[in-house]
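A short worksheet on the structure shown next.
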Amino acid sequence: MADEKVPVAELENDYAVKLEKSPVFYGTYERKSELQQQTHYCPGCGHGVAHKLIAEALQELGLQDKTILVSPVGCSVFAYYYFDTGNVQVAHGRAPAVATALKRACPDQVVLAYQGDGDLAAIGTAEIVHAANRGENIAVFFVNNAIYGMTGGQMAPTTLVGQTSTTSPWGRRPRNEGFPLHMAELLSTLEAPAYIERVALSDNKNIMRARRAVRKAIEIQRDHAGFAFVEILSPCPTIWNLPAVEARRWVAEKMIPVFPLNVFRDRKPPVCDGAPPQRSAAEVLGIASRAAEQPGAARRHRVKELTIKVAGFGGQGILLLGQLLAEMGMREGLEVSWLPSYGPEMRSGSAHCHVCLSEQRIGSPLIEHPDVLIAMNELSLRKFAAQVKPTGTIFYNREELPPDFAPPEARVVCLPATRLADDLGAGKVANVVMLGGLLEETECLAVKTALAVLETKIRNQQLLELDRRALEAGQQFIDREAHVGAVSQPDGCGE
Ligand SMILES: Cc1ncc(C[n+]2csc(CCOP(=O)(O)OP(=O)(O)O)c2C)c(N)n1
Ligand code: SF4
């Protein structure tokens, strides 16, 4: 127990009580013009105390400017109005997943997730268990007030046996509603977590201990030392219908016996002997070591970033075309992303993917306004053409646009890839014909790179030959059409 380990006097020496507001909080809170000096929390609410402990620890450790706080849905949803740190507010229960992404993308930042019990232990149970099990390098503050506060007092997974709520007016009955979930104990059955402690905001002595636990979790975060979890038993006087002082006593007398205070885990995360070394995607694909020899590796690209949407029916090789482009980009030393979207059907359903090729790190794989649309069918043309940037290009898999189709601002290249592929004897290589056309028209990547990627993907020599010819057919079509000055008219397809 934490009780036995740390004499209170020592704790009080370490952490003198301060009454001023931490500079980690904003000077004024902009949420409501009439409430710029106070939070929205009810008097006596534990969230305010938990916020103060986090803010002061960040201040003492000098980490304010390095911190990203992930706030949840629940009474603490507005934490971002108070903490003058980096802030992300996430969907209900998803804080550990978003914190995982933030920490992996920005490993030098201090990433803190803040969650209530409904958020973490009900709707977000899967997220927290898996983040802890992966030993994600994040610190999670779990404010357990045994109730859903924000929505007016429904039963939470941590509601005590016999405790009334709006959804258990008779008091929680284990036979009907199960027993309270002990999240700290549950997570401490996992191998990976580095630090798990439960503390309580029941009295000054325990608040001092909570302060120490919060600081320790943040230090672990600062030192990249693994998954840290602090469960904070916290009063909710409003929903419990108790005066503030009584609510604190309720934490001590009712909650602590059910949720004992303890340091459940305090160790370095286990070293995974025998685990395969971490490798980049380029290494896994076997292209990293050969990068310098790759065709096009030293190539200067015409544009710093090109975003492409490929769309059509499932079975037309839509997703594969996106993958080919992404792998080509990697081989040419670009940052790449590929984001597929498809329905449940393997054939004939609609499918599309987003590809981003960039000289810089890519912020999001989602593309709202692509530079290039490859529309492999009419449906996709009608659905996505308006999204293309006015300076962009649309490749349409037909001889001409539908007669009733109002030409968009973007250039249009009608490239009948399916017909050209049929002429080669295999309609399924229409996507590669389109690739040839795209490369010829935009010069975004080298044809040599496309051939190199196809060679690694296709073992069957006959099929490979077919793809080579398809690539060439796409290129030649563009050359031919450009020669007669008929390609890419803004108001049609070269008629
Ligand atoms: C997806 C989704 N489901 C349900 C809700 C409604 N909702 C908002 S807050 C909340 C419970 C929050 O309780 P808790 O996490 O314990 O935080 P507290 O308010 O007690 O601090 C619920 C169910 C929502 N906003 N979004
Ligand atoms: S309802 Fe409860 S948890 Fe929410 S702000 Fe009020 S006291 Fe705090």
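The values are calculated or read from the model by the stated rules, or taken from the named source; none is laboratory data. Every value quoted in this text rests on a predicted model; they were computed, and no experiment measured them. Cβ sites come from the backbone with ideal geometry, for glycine too, and all protein chains shown count toward neighbours. The accessibility values were calculated without ligands, DNA or RNA, using every heavy atom of the protein model including side chains. Shrake-Rupley method; radii C 1.70, N 1.55, O 1.52, S 1.80 Å.
What length, rounded to one decimal in nm, is gained on full extension from residue 426 through to residue 462, with 0.36 nm per residue of separation minus their alpha-carbon distance?
Length gained between residue 426 and residue 462: 11.8 nm.
Nearest 5 percent is fine: what portion of the DSSP beta bridges confined to segment 2-266 is antiparallel?
So the antiparallel bridges in segment 2-266 amount to around 20 percent.
Determine the equivalent ellipsoid of the chain by diagonalising the alpha-carbon gyration tensor, then write out the semi-axes as square roots of 5 times the eigenvalues, largest first, rounded to whole Å.
Computed over the chain, the values are 57, 24, 21 Å.
For the chain, what is the charge dipole size about the Cα centre, in debye to the nearest 20, if Lys and Arg each add +1 at the Cβ and Asp and Glu each add -1 at the Cβ?
1060
How much length is gained if the chain between residue 31 and residue 400 is pulled fully straight, taking 0.36 nm per residue apart and subtracting their Cα-Cα distance, in nm to one decimal?
Here the segment from residue 31 to residue 400 would lengthen by 127.4 nm.
If you roll a 1.4 Å probe over segment 281-483 with all protein chains in place, what percent of the accessible area is carbon or sulfur?
Percent of accessible area from carbon and sulfur atoms in segment 281-483: 50.
With Kirkwood's inverse mean 1/r over C-alpha pairs for Rh, give me the Rg to Rh ratio of segment 2-266, two decimals please.
Result: Rg/Rh = 0.94.
Would you grab the residues whose amide H sits under 5 Å from the one on residue 231? Only those 5+ places off in sequence or on another chain, please, with H modelled 1.01 Å from N.
For residue 231, whose amide H was placed from the backbone, the distant partners under 5 Å are 142, 197, 198, 199.
To the nearest 0.05, how large is the calculated FRET efficiency for residue 92 and residue 283 if R₀ is 25 Å and r is the Cβ-Cβ distance?
With R0 = 25 Å, the Cβ-Cβ based efficiency is 0.10.
Run down the lysines and flag those whose C-alpha is under 27 Å from the C-alpha of residue 428, throwing out any fewer than 8 positions away in its chain.
Answer for residue 428, where 27 Å is the Cα cut-off: 309, 383, 448, 457, listed by chain and number.
So if we plug the beta-carbon distance of residue 419 and residue 179 into 1/(1 + (r/R0)^6) with R0 = 60 Å, what FRET efficiency do we get, rounded to 0.05?
That gives a FRET efficiency of 0.35.
Tell me, what is the per residue accessible area of the chain in Å², probe radius 1.4 Å?
Roughly 47 Å² per residue, with all protein chains present.
Can you list the lysines whose alpha carbon is less than 27 Å from that of residue 216, not counting same-chain residues fewer than 8 positions off?
Reachable lysines: 5, 18, 21, 52, 66, 103, 205, 254, 268.
Defining a contact as two alpha carbons under 8 Å apart and six or more residues distant in sequence, what relative contact order in percent does the chain show?
Relative contact order, the chain: 10 percent.
Give me the dipole magnitude in Debye, nearest 20, for segment 360-475 about the Cα centre, with unit charges on the beta carbon: positive for Lys and Arg, negative for Asp and Glu.
400
For segment 87-219, what D do you get in µm² per second when you plug the Kirkwood radius from alpha-carbon pairs into Stokes-Einstein at 4 °C and 1.567 mPa s?
Diffusion coefficient, whole number: 82 µm²/s.
Mind checking the full-extension length gain between residue 476 and residue 359? Use 0.36 nm per residue of separation minus the Cα-Cα distance, one decimal, nm.
Difference between extended and current length: 39.3 nm.
Give me the one-decimal Kirkwood hydrodynamic radius in Å for segment 330-463, with the sum taken over alpha-carbon pairs.
16.2 Å is the Kirkwood radius here.
Which FRET efficiency value, to the nearest 0.05, do you get for residue 339 and residue 167 by plugging their Cβ-Cβ distance into 1/(1 + (r/R0)^6) with R0 = 35 Å?
0.35
Could you look at segment 18-62 and say what percent of its accessible area is carbon and sulfur, using a 1.4 Å probe and all protein chains?
Of all accessible area on segment 18-62, carbon and sulfur atoms account for 56 percent.
Over segment 281-483, what is the relative contact order in percent, taking alpha-carbon pairs closer than 8 angstrom and at least six residues apart?
Reported as a whole number, the value is 19 percent.
How far apart, in nm, are two points set 7 Å out from the Cα along the Cα-to-Cβ line at residue 224 and at residue 242?
Inter-label distance under the simple model: 4.4 nm.
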